[in-house]
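The values are calculated or read from the model by the stated rules, or taken from the named source; none is laboratory data. Here the structure is a predicted model, which is why all the values come from computation and not from measurement. When we count neighbours, we look across all protein chains shown, and the Cβ atoms used for this are built from the backbone with ideal geometry, even at glycine. Heads up: the accessible areas ignore ligands, DNA and RNA and are worked out on the full protein's heavy atoms, side chains in. Shrake-Rupley method; radii C 1.70, N 1.55, O 1.52, S 1.80 Å.
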Protein chains: 4
Amino acid sequence: MTSTLIVTGSPSSSSRTHRLAGLLRDKLTALDVPSSILDLRTLPAEDLLHARFDAPRIVEALGQVAAASSVVFATPVYKAAYSGLLKTFLDILPQFGLRDKVVFPLATGGTFAHVLAVDYALRPVLSSLDPLHVVSGLFVLDKHILVQDDGSVTLDSEFAPRFDLTIGSFAQAIRRAGLLHPPASHGALAAVG
Amino acid sequence: MTSTLIVTGSPSSSSRTHRLAGLLRDKLTALDVPSSILDLRTLPAEDLLHARFDAPRIVEALGQVAAASSVVFATPVYKAAYSGLLKTFLDILPQFGLRDKVVFPLATGGTFAHVLAVDYALRPVLSSLDPLHVVSGLFVLDKHILVQDDGSVTLDSEFAPRFDLTIGSFAQAIRRAGLLHPPASHGALAAVG
Amino acid sequence: MTSTLIVTGSPSSSSRTHRLAGLLRDKLTALDVPSSILDLRTLPAEDLLHARFDAPRIVEALGQVAAASSVVFATPVYKAAYSGLLKTFLDILPQFGLRDKVVFPLATGGTFAHVLAVDYALRPVLSSLDPLHVVSGLFVLDKHILVQDDGSVTLDSEFAPRFDLTIGSFAQAIRRAGLLHPPASHGALAAVG
Amino acid sequence: MTSTLIVTGSPSSSSRTHRLAGLLRDKLTALDVPSSILDLRTLPAEDLLHARFDAPRIVEALGQVAAASSVVFATPVYKAAYSGLLKTFLDILPQFGLRDKVVFPLATGGTFAHVLAVDYALRPVLSSLDPLHVVSGLFVLDKHILVQDDGSVTLDSEFAPRFDLTIGSFAQAIRRAGLLHPPASHGALAAVG
């Protein structure tokens, strides 16, 4: 049994990043990868900012990360890096809090000038948590994210194929990782076991 | 008139980083550079985490940065980078929020393995805010910070000279910057005005 | 059939980095992972520095990378980053020159203060080449590398277990990658096919 | 007396980066800042790649850096970072080879996606050389650089003002630095001496 946790770190209540996480969850479901979303904005702010490791909601959130076999970290790019909100959560993860996990860095931003923030800012921090595999990250320009009337989002036709391709690689990496950690019984690879 | 704001971004109430800021303030005072401390831990957590630019305490804190001619950003190193608490504050600064200011990055940590976090993580974010001059940063190992009975700190004799040297360079950079922005009338350079 | 190319980028003829590559090759052989070494110092300097993609030895070296299913990039840390020699070679790789490959970043240095150069400097550059998987990197302090009378090296007993563990993870990642790319028939996993 | 050295690190003989350096030299001259260009491509390739500190042309080039009070490092962006050619030269500079100098990082590239390479890749390396002041860097898109019939370049009208502004700030930083290091006798500040 494997599952993916999608952690979203936008401070905004009407966040494109958070909505994109919903689309990602649907895509993963279609690929037979069960996933759930942890919106950091819903955690008690003071517990998070003051690093109260033993506050109930923090304990629960840390447990969700520990239980997941793969984790997506989704963040808007502010000031050439990940959001402070996301970092407050990464700060309270255990030293090797991503060990044996497959990790997918996902960023959104208003300008292409921030693309490298994924690999120069977010990836080194994730690497410090000793993950099994940080797959290729993705930077999504705000203009590619189309908000629908019901609040959900779609991607425009220019960017959608790239998004699908990257998620496919992530799903494949999850399967590969699972193969060597029995019980391995996912999708197209089930016949291998 | 110039003044230095020392922003501290440790989530801990008994923080070495925050105590070191007190020592820094005393040193700057001795160099005739007036300074004050802004402890981000005292700001309302939810206003900060949810980026409420118009909350009274946030407005006040942003005003302190705007009014300062130089700013120190002091942070513990967590997960190979600055603290999430510090980043939540940097996130709400205006796009060019450090324009015309002299900036000093100051980090504390338990291991030398984190030294490069100053130049690879903190400095690029500060640079994105269009500062006049980000001076050489300083990384202080926890073991060099000696907590006294009254809660204040001193630095051990091995590290103290380096600390003094770096602060001296910072003070000099502040004076140099002031020189071209009349009225320049500080300390040893007062005769210039 | 898979093979690993170990690219070494030290400008010194008596390099610890290059000697460490010899030890790594022996370890990989013991794990049933065939490997060979490409010492960038042996390439014609002007062809490399002037980016002559069509010079015979450059063509040959690029072919070695293209043919490998996994690549180690070994470099001393100079000035807080990988060597210029290594970067001249990375510069002439095709835009997606590490696609579908498993990559292992390996650095040597004289001080722990340079550890983060692996994740903040080398890894982002490798990531830009679209690798399948950049595994956890390794930073080896010069003092752990013991040069023997015959010029080969061993690692001291403090560091050797960490080296073996990291190489084991690299070998495992190579096997996992191969599994989804038939024919997959390596080592302990042969029974899976 | 102050002087600026413009170091160019493009491996190409028809480099936009190198041509841009010529324009920069003319602009600095117009601002009363004497400057000269060091094209790393003209140094003996093997001496550079094998780090022969005592080769005559290398000794001479290192002397040019040592004698300059300010240095521009101009590089194309390849693989999300500075060129290998530039890094081979930075590698042979002394440990504190930029001490007391004002430094200007200048990069060229084909896509905005590489903008952050200036602050995340080049600036940390320059910072490790203990400079007095690394001013705001500049990233110039290839498309803004217009090559004239005589091989010189101009900038298009969209980008030219930004280039002039940045060079003006650099010149101002050079003057400020000179002020506190006698003999200080530049331009509008001559009265200070």
Set D:L116, D:L93: member being crowded, with 23+ Cβ neighbours inside 10 Å and modelled with pLDDT of 95 or more: D:L116
Selection count where residues are under 16 Å from B:P131 (Cα atoms) and of a type in the set (S, T, Y), scope region B:55-109: 2
Criterion: of a type in the set (A, V, I, L, M, F, W, C) and over 20 Å from A:I6 (Cβ atoms) - qualifying residue of A:A66, A:A121, A:A61, A:A45: A:A45
Conditions (1) assigned to a helix (DSSP H, G or I); (2) within 18 Å of D:V103 (Cα to Cα); number of the one not met by B:F104: (1)
Looking only at region A:64-77, and only at residues there that are under 17 Å from A:R123 (Cβ atoms) and of a type outside the set (V, I, T), the one that is nearest to the other protein chains (Cβ to nearest Cβ): A:P76
Residue match in region B:34-41 (condition: of a type outside the set (S, T, N, Q), open to solvent by less than 40 Å² (accessible area, probe 1.4 Å), closer than 28 Å to B:D142 by Cβ and within 14 Å of chain A (Cβ to nearest Cβ)): yes
Qualifying positions in region A:64-77 - open to solvent by 30 Å² or more (accessible area, probe 1.4 Å) and either of a type in the set (A, V, I, L, M) or without any contact (Cβ under 8 Å) to a residue 12 or more places away in the chain (or both): A:A66, A:A67
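Residues are listed down the side, and each one gets a yes or a no for (1) in contact with a strand residue (DSSP E or B) (Cβ under 8 Å, 6 or more places away or on another chain); (2) under 23 Å from B:R25 (Cα atoms):
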| residue | (1), (2) |
| --- | --- |
| B:V71 | yes, yes |
| B:A74 | yes, yes |
| B:K79 | no, no |
| B:G84 | yes, no |
| B:F96 | no, no |
| B:V102 | yes, yes |
| B:G110 | yes, yes |
Some residue of region A:120-136 being assigned to a helix (DSSP H, G or I), more than 30 Å from C:I174 (Cα to Cα) and free of Cβ contacts under 8 Å to residues at least 60 places away in the same chain: no
Residue within region C:7-14 that is within 14 Å of chain D (Cβ to nearest Cβ), farther than 30 Å from D:R99 by Cβ and among the aliphatic types (A, V, I, L, M) present: yes
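Considering each of B:T42, B:T88 in turn, give the residue that is within 20 Å of A:V77 (Cα to Cα) and polar (S, T, N, Q). So that I can check it myself, show each step before the final result.
Working: B:T42 fails: within 20 Å of A:V77 (Cα to Cα).
Selected residue: B:T88, the only one of B:T42, B:T88 that is within 20 Å of A:V77 (Cα to Cα) and polar (S, T, N, Q).
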Residue in region C:14-32 that is under 17 Å from C:Y82 (Cβ atoms) and touching a His at 6+ places or on another chain (Cβ under 9 Å) present: no
Matching residues in region C:127-147 - criterion: being more than 19 Å from A:V103 (Cα to Cα) and open to solvent by 40 Å² or more (accessible area, probe 1.4 Å): C:D142, C:K143, C:L146, C:V147
Top-ranked residue in region A:167-184 [being exposed (fewer than 15 other Cβ atoms within 10 Å of the Cβ) and at pLDDT below 50; ranked as farthest from the other protein chains (Cβ to nearest Cβ)]: A:P183
Subset of region A:96-113 that is under 25 Å from A:R176 (Cα atoms) and crowded, with 21+ Cβ neighbours inside 10 Å - its residue that is farthest from the other protein chains (Cβ to nearest Cβ): A:L106
Number of the exception - A:F96 against (1) assigned to a helix (DSSP H, G or I); (2) over 16 Å from the mean Cα position of the chain (by Cα): (1)
From the options D:A45, D:A61, D:A80, residue that is free of Cβ contacts under 8 Å to residues at least 40 places away in the same chain, buried (at least 17 other Cβ atoms within 10 Å of the Cβ) and within 12 Å of another protein chain (Cβ to nearest Cβ): D:A45
